[in-house]
Every structure is written in structure tokens, then in C-alpha cells.
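**Student:** Below: one structure in C-alpha cells.
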Amino acid sequence: MRESYWGRYWRRRRSRRSFLIGGAALAAGSAGLMAVGCGDDDDDDAEPAEPDEPAETATAAPEETARATEAPAPADGPMPGGVFRQHKTQVDDGIDPGLKVINNNEILARIYNHTHLYKVSTNEFLFDAATAMEQPDNTTIIFPLRPGMTFHHDGSPVTAEDVASTWSRFPSLLADQGSQVNEANWGFMDTITAADELTAQVALKAPAASAPVLMAATSYGIVSRTLLEQQANGNVQELDAGAGPYVIEQRDAAGVALARYPDYYAHENPSTHFLEGAPYIDRHETRIIVDRAAAKAAFLAEDIDYIPGIADRIEFEEFTGDDRFVSKEVASTEARFLAYDNIKFVDKRAREAVSYAIDYDAMIATLYAGDGVYDGPVGQALPGFALDQETLKSYRVFDPQKARQLWEASGVEIENIRIETSIDPRGSTLAEFLARQMEENLGVASEPLIHDVTTYVARAREPIKQWELFVVPYNASTTPEIYNMTMMNPDAFAGVSWSFGVDQPDASLVANAQKLIDLTAAQAQEVDPDLRLELMREMQLFALEELVPGINLPVPGHSWVVYNARMGNFPENDVLLGGLLNRTHDMWVKS
Amino acid sequence: MSGTSEATAALSQQAIRPPERRFAGVFRFVRQQRLGTIGAVLIILVVFGAVAAPVLKTSDPEGFGVAPLLESPSTSHFFGTNREGRDVWSRVLYGGRVSLKIGLATVIVAALGGTALALIAGYLGGVVDFALGRVADVLIAFPSILFALTLHASLRDELPNLGEVLAAEEFLLVVAICIVFTPVIFRIMRGNVLEQRAAIYVESARVIGASETRIMWRHIFPNLVGLLLIVMSTTLPAAILTESALSFLGVGVEHGTPSWGADLSGTNRNYFVRAPWIAIFPGLALSITVLAFNLFGDALRDTLDPRLRGQR
Amino acid sequence: MQAYIARRLIAVPFMLFGMSLLLFWLLFLRPGNAALTGFGLVSPDQNQQAIASLEEEFGLDRPFFVQYGDWAWNALQGDFGISLKNRRPVTPEIRSRLPVTAELGLLTVLLTAMIGIPVGIISAIRPGTFLDGFLRIVTISGISVPNFWVATLVITLPALWWAWTPLWEYVRFEDDPLNNLKIVIWPAVTLAIATAAYVARIVRSSMLETLYSDFVRTARAKGLRERAVVLRHVFRSSMIAVITVIGIQLGAVLGGSVIAEQIFGIPGLGLLVFESVVSIDYTVALAAIMVFAFMFTLVNLAVDVIYTFVDPRIRY
């Protein structure tokens, strides 16, 4: 039974295009669908002194360094020591950065060293293991490494060979072990070599504008080559093989405790965020708290310092009056994608009918408590690329009468619109809402199907779908901009999961898919910023006009972060942009 | 449901009293069993609330934004409102429907199944009795929640929707809870069947040439009715608690369906600190319902079980 | 009696066999598994290759009975395989979590006995009084209140009122017994409410039954003090019912641990069962549920054996 089941699953074959076209082929499996965005974790080191200062250059400029070191006020300045306490809901599944990048960010980001990191909120690179990033031509990137870094397990030095061996194993990890780090995150690299002991050199297959940002992901953490060679399968699932600022002290079902690595390399040339004396915090503790009410109670009782996942303004306002906590509101990076099973909706009128049947304003009023905006293929957090509200509203009209007419006219034979989603509360409530909209406004029976993540992923990938609509709530990353098209690309998600690929039996569907593939390819390889913008706009309008492969539903107007006021220099902007709290070298605990 | 509780009372009286004094039995029950009477009154209220939910509700329990978001209890929304803008009072009323429906379905199926199997085991004895006993052992050895979890994980997508009466999820709940309770009832009833079989009246029936089937059906079964009622009255609250626990764990009713257990889980847990009423009222309704059935069941046992009579 | 115990012991492996077969079949029915959740997704071809190699690695491509036989043979030797989700060996995971849940279970049963038995005795020796009536209402309320609701209120309301909550970072008993008890006591109390109430009711009714029996009347008649009558004669003969009930309640506690561990953040077996069943990590789910069932079977066996010691009338 099992065999035939999976046989059915994977029978489909499609020609693969260039890796970059699969740029949107991001994010793997569950994480992908929930768009945690594997490997695209955004950097979190914030700098409250100049939070809005945009960085123009790829390399950290010296003057910025100088400014940053003097930025924290003396009275409230950094203090070494202390413990930062947070929580998560599940135990990690492993700590090899090349293999697992979900639910272990707080570990990966701190026990491994990275050549460079990327700070989303200010769009700048922060150098760590590398002192710079040189690009002699469009297809070569060179990283000169700092001397004196050592691995935790045996104190041996970190060399360019380690960098090369770590980064070279991505393809085999994906092919042989089902890695969570997918090709979009490393497919642009051709070869990685050690030019000398402290110089790593990466040859790209083609010019790739997003490469430096992608290479700043936690999955690029440097792993000891000698340890890898000892492991038959080339991964370091359980062992701490890093050279980062912290070592694992405890890691079990109760939580994770990281302690300072005494021999962490003291940076000679401190960058904006890797300051002298940093990291300040002595210990990072992460408790496993499954229950949301319990996590909140623990936060209110000041047992943990940070509570992720503030759902909406109502929840946010619980904390605003309380001077024990700091609460911040910034532009939202949330996304809500409603995918069609496109093969069932080949008639454009059927797709339109669904779109007309959704009361978008009611959705904003109830689900987002009135604080919501319309959204397009590129999220609102990426100004410039994102379309304006007027344009978006013109494509998202609520008109039940028209919906019914179009549904009749299209002649689709769907008696029950099944709306699949995962147990993610953002998705389950939305699916329930949409099912009601379909019943009331379209006059078609509809039911939400809420599954655990495993089943949800499996049901998305089945060749013959057991649903009509699919709800994906995710946190759209702001960079690179191509990530915003994750859900749309026929060579990736859309092809496998939304029946929207060139291998489908319907001509109009294939034509639409081909059009999006061509536009994506052109955009990814374009280096001129203005043209990139223009191509992206064209892509978006095409998707909106044709309603393929789904609908970008309205999103919350803001995102919220709340943390305990005892934290100094908390990276609030980056947490919100990336949804993760990773690198906190310059955060401190007030006494 | 009110019909059932009355029928239960009536039936119980019938078993031990001459039929012409029906109402006298009810009065006696009320006089002697004050807590039981309170329980019965509460049951009637709960059942009335569930049956009359469409009339008593103040807004659509499954609508979105039909009431203000997260408002504290007031005269227009007695139990306040939740995050989706639903009136908690209406949710609680409709939640009672689910609990009572699943509780009753479970108890009836489990009681009938358990008794039938007990009679078969007692009648056939030998290998059949042994096999049924061991199967019961296996099923009883699973903590009920674990079994229901597994069942839900593997069968959720295989089941057909039974339409208005019982959604697929509800059907699965009934199956899961039945599998847990049937063996328990089977064990109790089997012990009694064996006891009755050895009784003198059965011996005498056998002596005058009654067939085994007749003995089972005409002599033993009527003697089990009282016990069966007691078992059912204690199983019902347990079944309701199990249903709500499973819904709480997210393996119960369909998402969005009002259910006391489900309303204490999921997104609602984000708002318990700010809006305690969404945590308090569904739990309170659940507790009171279970309490009412327990009180009534207790009183019923006191009335029906002659060994305990006269001890209070 | 020895023959009886021997018979029961022989039945244990057969029951475990039946349970495991049933569970294995249920989980086998389910499409999808945890190994596939976190896949990098680029081309279906690559995915197919990765899936094939995973299925081969875990032996998922074999027929049902071959898979079951293989699993059972290894399980008999104490090897439950590796997790489909994270490839960690299952046996050490179970071994590290079992004591946590066992502690919670034992503490709950201890509280159950400490609260339930005295309350039951007090009610039974003063039947019909105000105190009895009051305790009767308390105990019947106790069995009616769902534990997940109590647990929710226990963590939510104090946080709301006093910015305090009975949740601390879990420490293992062997590392810090005092702090460990401080943490585990709350879920234990939550779970013990219902079980203690249940035990109190059984103690009361079984004691009432004996209080009116002939041998108690004789004991009174020969001039024994009431206290001695109650404790020496009545209570001892009611012990059977109490032991049975506590035994059965342990099963309820094991089931309740799934909920309590989730809410109170106790890293025990109950939490593992829930997570693994939900994510179809079925090597883990199978092992964890089987350990639960095994524990429950053993407790039942122990209860039956203790019977024979407590009640000299019982001879098998």
C-alpha cells in the first residue's frame, strides 16, 4: 500500500531549468510551506541608536564601525554577563547547519561561525569569520578569514579548507539525506576552494545578485572538516562541531542552554555588531514550552525574556501599558497565500468567482482586528517592489453576486470546496473564515481541513490533490526580493503543490506557467536595479490579472514584538523582519 | 435528552415498582435524593440549553465578527465575546449539543455492545469468553487518550462524512471513545452474567427445560437492566470528559465547531490572560454538566442498588 | 496462587503482542511519515531519489508483516529503532523521559492516596452528617472537573493577578530534587484532584458496606474502641477496593500526563507520545505508547497480586 502511494506521489517528472529560475523554489517541506524560509533567516542584530540608517554598501564601512562603538549611551551601556531566557515549542531535530535549519536557529546561530551575516533592517553585511568579501568578477567571491579561530571540540584552527568542505556538501546532503536546506540557497555555487589556509574562494555558475545575502544564512555555519570526515554520512547531527561564541551545555527535552566559549576569537577589527568584548551575554537558555497560555504566563511572570508570535494588536496591547516590558510595532512581513488546485480551476471565471466571494474588508476587520492591508505577490515590507494599495484593491473586489454568476458560467463541477491548511493558528482560523465565505457568498459547500504539518505537506505534494484551496500563512522575508515570489513559481512550489506547472494537461495553464517561469528567469539574472524592479512589477501584475496560481490575501498591517525591559539593545527590527531571534552579539542584560 | 432522563427514571422505577405507582416513585426519588434531584434539574437545564440553542443564542456561534472582538461579559453578551467576534454564551450553548450528542451516542453504542458481548461470552463460555476477555484486556491497557490520538491520526482522512447527524470527526470520536468504554462495560456485565447464571432461579429455569437462549434473554437480561442503567449513568459523564479532552488536544470535533474542549484550546489560548471569560465559561459549563450527570447517576445507583439502600 | 500469578505473567507477552500489532497496523495505515517533513524541495526528481533512499534506509518499502516482525524482534531486544524525524535512537529517548513521567505518576498516586483515603474515612464514619454531605459534594465535584481546564486556570489566573505562575524551567529529580518537586507538584495536584475524589468515594462506599457487616458488629460488641474498629477492621477490609481503584487510576494518570505535561512543560513520555503521534514519527510513537501500555499492564498485574496478600479470602 505504502509503495503504491508514494509511487503515485513521485511519478511526475519535469524538466528542470536553471537553478536560479528555481529561486522561488525555496524553503523546504514544512518550513517551506510555512515559509520559515530555510536558510533565509534574517539577521537580527539591531542597533537602536540608528535603527533606520540604511547601509548603501555591501561591506561594512569603517565610519559605521566607529559610530556603532560609541552608539550605546554610557549610562545605559553594554554590560557583560547575564542570562537571556527564551522559549520554543519543540525540541530541535538536529544541529547540523547543512541538514536541519528549522527550530534550531537559536543554537545554529551561536555555536557556529559564519563568514558574514546579514542585517535585514539596515541592509548591511556584518563580517564575522571573514574580514571582507571580495568580488573580483561577477562569478567569483573571495573570503579572507580571520586568523585564530578555533573549533570547540578539539581547539584546532578554523581554515579555508573547513569552509570549502562545509559548503561543498550541500548537494549530497539534499540528495542523500533529505536536507531541509534546498537548492535555491546554494545552487548558484559551482566550486568552493581554499586558495590558501585563510582564503576561501567561491566560483559561481552564473552571476547571482542575491548570492551574498543567501550565503549569510545560518545554514552556511562553518563545520569542522576533520569531524565531517570521521562521520560516514557527512553530517554532524548531534555533535557540536562549531567554532562560534557559545558552546552547548545542555540540550535535551527540557530545553537548550548555551554557555560562553572561552576561546572564542576576540575580534581584532570589530565591525558594527561584533564589538570588542562581545558577545556580552554569558548564557542563552531556551525552554521548551508547548502551551501558548503557559508561555504567556511565563513571560508575564518574567520567567522568560521574550515572547515570539504576538498574533495581533489586541494581544500586543496587553503589554503596552506595562513598564516591565518593551513593546514595538513595525511594518508587517506576514503573508497569507491562498492557492488553487489549478488543474481544477483551469477556467479563469472559476478562479475569479472564488476571488469575488471573499469579503476582504470583513477579513481585515475580524481576523486582523481592523489593522490590515491588501497584499500582492511581493509583500508590503519591501517598498518599491510592492504594489500600492489602490492597484491591489482593484484586483481584490468583493462581489457575491458576480461570484455566483461567474461560478455558474464557468461550469466547474465542484460540490465541496475543501480548504486545506495546517494547525498553525493563523492558517486554521483563516481556512475556517474562507470556508464560511464560500458557503455564504458562493453558495457552495465548503469545509476547512486542518492537518498536522506532516500531513499538510504530504497533501500539498500529492499529484492528485484532495483539496480545492490551500491556505499558507507565512512570514515573507524581505530580501532578496525573489523570496516574495516563493509561492508563485511553477518550477517550485506552484508546480509541485498547486498543480501549476508546464507538465499539466491544460494548455492555458501551461501557458500561464511558462509565462511566470520566463519572467522569473529574466528577473533573477538581471543586475540592473531599475530593470529588476520593472520585471518584478510585470510579474506581479500578470499573476494578479490571471489569478494564478492563487490569491494573496490581505495581511496584518503591522507586526509586533514584546520583550522584557531588562534586555538592552534587543534586535527588535530584525526579529520582526525575519521572525527569528538569531544573532545577538551586541544585546545585553541590564543588571 | 430530557426524554431520556425521564425515561431513565421511569424505567428504573418500573424495574422495581408496580407500574401503576409511577409518579409516586418520582416523588420518592425527589424526597430521598436531594443532590440527585439537583443533578436532574441541572441535566434538564443543560439539555434544554442544547436543544433550544438556536432560540437562546444571541448571535451565530460560527460566524466571524458577528459580535465585537473580546468584549467582557455584558447584558448583550452574557459570557463575553471571543477573538473571532463570537458570543461565548452562544458557543457554550452549541458546545453542549456536541458534548451531549457524542456522549449519548457513545454510551448507547458502548452499553449495547458491551452487554451483547457479555451475554455472548457468558452464553458461549470457553474459547469465545477467553478470547473476548483478552481483547478487552488489550483495549483496557491503552490509556484512552493515547488510543484516540492514534486512531485520529490514522483514520481521520479515511472516513466519510455522515452529513448533518454526525460529521466525520464526530464519528471518529464516537468510535474512539466507544473502543475505550465498551471493554469496561463488557467486563462489568460479564461478571454479572456469570453471577446470574449460577443463581438458583436460573437453575430452576434450566430444570424446567428452558433453552439457554431463553434463559439469557428472558431471565438474565432483565436482571441486568438496573446495573446497565447505573453503568450508563457513570459512563456518560466520563464519555463527555473524554470527548472534551480530545477536542482540547485538537483531535476532536471539526475545527471551528463549538465544543467546550476545543474552545479552551487553539487560538483562544493567546487571549486567556486578557480575556479570562473565554477560559472560564466553557470549562464551567463542562464541569457543571459532568457534575449534574454524576449527581444523578449517584442517586440512581442509590435507588437501584438494593445493597446500598438504607445506608444514608 | 502461584499458579495464578504464573498464568497472569504468561498472559502479559500475549497482550503486549496484541497491542503492538494493533498499534503498528493503525500507524501503518497512515500515509506520509516524519522523515519527509523537512525536505528541501526543488525538483521532483531529486525528491523521489531522496525519498527512495529514505524508505530504503528505514525499510518502509517492505510488506507489513516483514516490517512488524523486524520491529518486534528488535523491540524485544530493547531496540526501538531510530526516529524518522530526527534519526536519534528511540530507546535512550524513552529511557530519559520515562522517569519523568513515572515520577509525575507516582507523585499523583501518592497525593491521591494521601487525600482520598482520609477524606473517604471521615465521610464514612459520620454518614449523613453535614461534614459527610459537604465532602460528598466536594468529591463529586472533583471527579467532574476536567483536568485540562484546572491546569489552564492554574497557570493563567496567577499570572494575571500576581504576575506569578507555577511554571519553572524543568530540572531533573536527580539533579535538584527540591526544585524538581516544586515544579512537578503542580501537574501532580492537577491530576490528583479527580483521582483523589474518586478514591475518596470508593473508600466511603466500601467502608459503609463493611461498617454494617457482622464481624464489625462483633468487634464493637466485644468493647473495642470505635477508632480501633474503624482502622483495624473496617479500613483493612476496604483496602481491596482502594487498591484496585488506585491501580485503575494510575491508568488515568498516565493518560492525563499527555495533557498535564503539555501545559506545564514537563519533558516526559506523555509529551513525547503526543508530539510523535501528531507528526507521524511512528517509531517513536509506537515505542512510547507500548511503554505506557506495558507500565499499565504491570500495574494491573501488581494490583491483582497485592489482592491476594491483602485479602486472605481470595485464593486463586
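The values are calculated or read from the model by the stated rules, or taken from the named source; none is laboratory data. Every value quoted in this text rests on a predicted model; they were computed, and no experiment measured them. Every residue, glycine as well, gets a Cβ built from its backbone with ideal geometry; the counts of neighbours run over all protein chains shown.
**Student:** Could you grab me the full set of residues in the stretch A:170-183 that are more than 7 Å from chain C (Cβ to nearest Cβ) and either buried (at least 17 other Cβ atoms within 10 Å of the Cβ) or at pLDDT below 75 (or both)?
**Tutor:** Selection gives A:170, A:173, A:177.
**Student:** In this structure, is residue B:290 more than 12 Å from every other protein chain (Cβ to nearest Cβ), assigned to a helix (DSSP H, G or I), in contact (Cβ under 8 Å) with a residue 40 or more places away in the chain and surrounded by 24 or more Cβ atoms within 10 Å (Cβ to Cβ)?
**Tutor:** No, not satisfied.
**Student:** Then there's this: Quick one: how many residues across the stretch C:141-152 are more than 7 Å from chain B (Cβ to nearest Cβ) and either among the polar types (S, T, N, Q) or more than 8 Å from residue C:194 (Cα to Cα) (or both)?
**Tutor:** 3
**Student:** Further question: Does the stretch A:426-443 contain any residue that is of a type in the set (Gly, Ala, Ser), surrounded by fewer than 21 Cβ atoms within 10 Å (Cβ to Cβ) and within 16 Å of residue A:344 (Cβ to Cβ)?
**Tutor:** no
**Student:** Take the conditions farther than 28 Å from residue C:291 by Cβ and either within 14 Å of chain C (Cβ to nearest Cβ) or of a type in the set (Lys, Arg) (or both) and apply them to residue B:154. Does it pass?
**Tutor:** no
**Student:** Is it the case that some residue within the stretch A:486-509 is of a type in the set (Phe, Trp, Tyr), within 30 Å of residue A:306 (Cβ to Cβ), touching a residue at least 60 places away in the same chain (Cβ under 8 Å) and in contact with a helix residue (DSSP H, G or I) (Cβ under 8 Å, 6 or more places away or on another chain)?
**Tutor:** Scanning the stretch A:486-509 turns up no residue that is of a type in the set (Phe, Trp, Tyr), within 30 Å of residue A:306 (Cβ to Cβ), touching a residue at least 60 places away in the same chain (Cβ under 8 Å) and in contact with a helix residue (DSSP H, G or I) (Cβ under 8 Å, 6 or more places away or on another chain).
**Student:** Let me confirm something: among B:246, B:295, B:264, B:236, which residue is without any contact (Cβ under 8 Å) to a residue 40 or more places away in the chain, surrounded by 24 or more Cβ atoms within 10 Å (Cβ to Cβ) and either within 12 Å of another protein chain (Cβ to nearest Cβ) or closer than 23 Å to residue B:176 by Cα (or both)?
**Tutor:** B:264
**Student:** Considering the stretch C:109-140 alone, what residues qualify as being within 14 Å of chain B (Cβ to nearest Cβ), in a helix (DSSP H, G or I) and not aromatic (Phe, Trp, Tyr)? Working first, answer last.
**Tutor:** From the stretch C:109-140, those within 14 Å of chain B (Cβ to nearest Cβ) are C:123-140; that's our starting set.
Within this subset, residues satisfying the condition of being in a helix (DSSP H, G or I) are C:123-125, C:130-140.
C:123, C:124, C:125, C:131, C:132, C:133, C:135, C:136, C:137, C:138, C:139, C:140 - these are the residues of the stretch C:109-140 that are within 14 Å of chain B (Cβ to nearest Cβ), in a helix (DSSP H, G or I) and not aromatic (Phe, Trp, Tyr).
**Student:** Moving on to the next point. Does the stretch B:172-227 hold any residues that are surrounded by 15 or more Cβ atoms within 10 Å (Cβ to Cβ) and not in a helix (DSSP H, G or I), and which are they?
**Tutor:** Matches in the stretch B:172-227: B:210 only.
**Student:** Please verify whether residue A:153 is buried (at least 16 other Cβ atoms within 10 Å of the Cβ) and more than 25 Å from residue A:209 (Cα to Cα), treating the condition exactly as stated.
**Tutor:** Numbers: buried (at least 16 other Cβ atoms within 10 Å of the Cβ): yes; more than 25 Å from residue A:209 (Cα to Cα): yes.
Yes, satisfied.
**Student:** To continue, here is another question. In this structure, is residue A:353 surrounded by 18 or more Cβ atoms within 10 Å (Cβ to Cβ), out of contact with any strand residue (DSSP E or B) (no Cβ under 7 Å at 6 or more places or on another chain) and within 11 Å of chain B (Cβ to nearest Cβ)?
**Tutor:** no
**Student:** Please go through the stretch B:98-152 and pick out each residue that is within 23 Å of residue C:247 (Cα to Cα), among the β-branched types (Val, Ile, Thr) and surrounded by fewer than 18 Cβ atoms within 10 Å (Cβ to Cβ).
**Tutor:** B:135
**Student:** Which count do you get for residues in the stretch C:74-91 that are within 13 Å of chain A (Cβ to nearest Cβ), without any contact (Cβ under 8 Å) to a residue 60 or more places away in the chain and not in a loop (DSSP other than H, G, I, E, B)?
**Tutor:** So the answer is 1.
**Student:** Considering C:191, C:208, which residue is within 11 Å of chain B (Cβ to nearest Cβ) and outside any loop (DSSP other than H, G, I, E, B)?
**Tutor:** That would be C:208, the only listed residue that is within 11 Å of chain B (Cβ to nearest Cβ) and outside any loop (DSSP other than H, G, I, E, B).
**Student:** Out of B:142, B:130, B:78, I need the residue that is within 14 Å of chain C (Cβ to nearest Cβ), over 19 Å from the mean Cα position of the chain (by Cα) and either on the phi > 0 side of the Ramachandran plot or not in a helix (DSSP H, G or I) (or both). Which one?
**Tutor:** Checking each option against the conditions leaves just B:142.
**Student:** Do you know which residues across the stretch B:271-287 are aliphatic (A, V, I, L, M), part of a helix (DSSP H, G or I) and more than 8 Å from every other protein chain (Cβ to nearest Cβ)?
**Tutor:** B:278, B:284, B:285
**Student:** Report yes if some residue within the stretch A:386-399 is surrounded by fewer than 22 Cβ atoms within 10 Å (Cβ to Cβ), closer than 29 Å to residue A:567 by Cβ, without any contact (Cβ under 8 Å) to a residue 24 or more places away in the chain and under 26 Å from the mean Cα position of the chain (by Cα); otherwise report no.
**Tutor:** no
**Student:** Here is a further query. Which of the residues belonging to the stretch A:419-443 are more than 7 Å from every other protein chain (Cβ to nearest Cβ) and in contact with a Lys or Arg (Cβ under 9 Å, 6 or more places away or on another chain)?
**Tutor:** A:420, A:426, A:427, A:430, A:435, A:441, A:442, A:443
**Student:** Using the structure shown, decide if residue B:302 is at the interface with another protein chain (Cβ under 7 Å from one of its Cβ atoms), in a helix (DSSP H, G or I), in contact with a Gly (Cβ under 9 Å, 6 or more places away or on another chain) and charged (D, E, K, R).
**Tutor:** No.
**Student:** Ok, one more. Restricting to the stretch A:302-357, what's the tally of residues that are modelled with pLDDT under 85 and among the hydrophobic types (A, V, I, L, M, F, W, C)?
**Tutor:** Residues meeting the conditions: 3.
**Student:** Please find, among C:218, C:195, C:210, the residue that is out of contact with any Pro (no Cβ under 8 Å at 6 or more places or on another chain) and modelled with pLDDT of 85 or more.
**Tutor:** Being out of contact with any Pro (no Cβ under 8 Å at 6 or more places or on another chain) and modelled with pLDDT of 85 or more holds for just one of C:218, C:195, C:210, which is C:195.
**Student:** Now for a separate question. Here are C:265, C:247: which of them is more than 8 Å from chain B (Cβ to nearest Cβ) and on the phi > 0 side of the Ramachandran plot? Steps first, please.
**Tutor:** On the way: C:247 fails: on the phi > 0 side of the Ramachandran plot.
On inspection, the qualifying residue turns out to be C:265.
**Student:** Next up: Taking residue A:344, is it surrounded by 17 or more Cβ atoms within 10 Å (Cβ to Cβ) and of a type in the set (Lys, Arg)?
**Tutor:** yes
**Student:** Within the stretch C:163-188, how many residues turn out to be of a type in the set (Lys, Arg) and in a helix (DSSP H, G or I)? Working first, answer last.
**Tutor:** As a first pass, look at the stretch C:163-188 and keep what is of a type in the set (Lys, Arg): C:172, C:182.
Filter once more, so that each one left must be in a helix (DSSP H, G or I): C:182.
Within the stretch C:163-188, residues that are of a type in the set (Lys, Arg) and in a helix (DSSP H, G or I) number 1.
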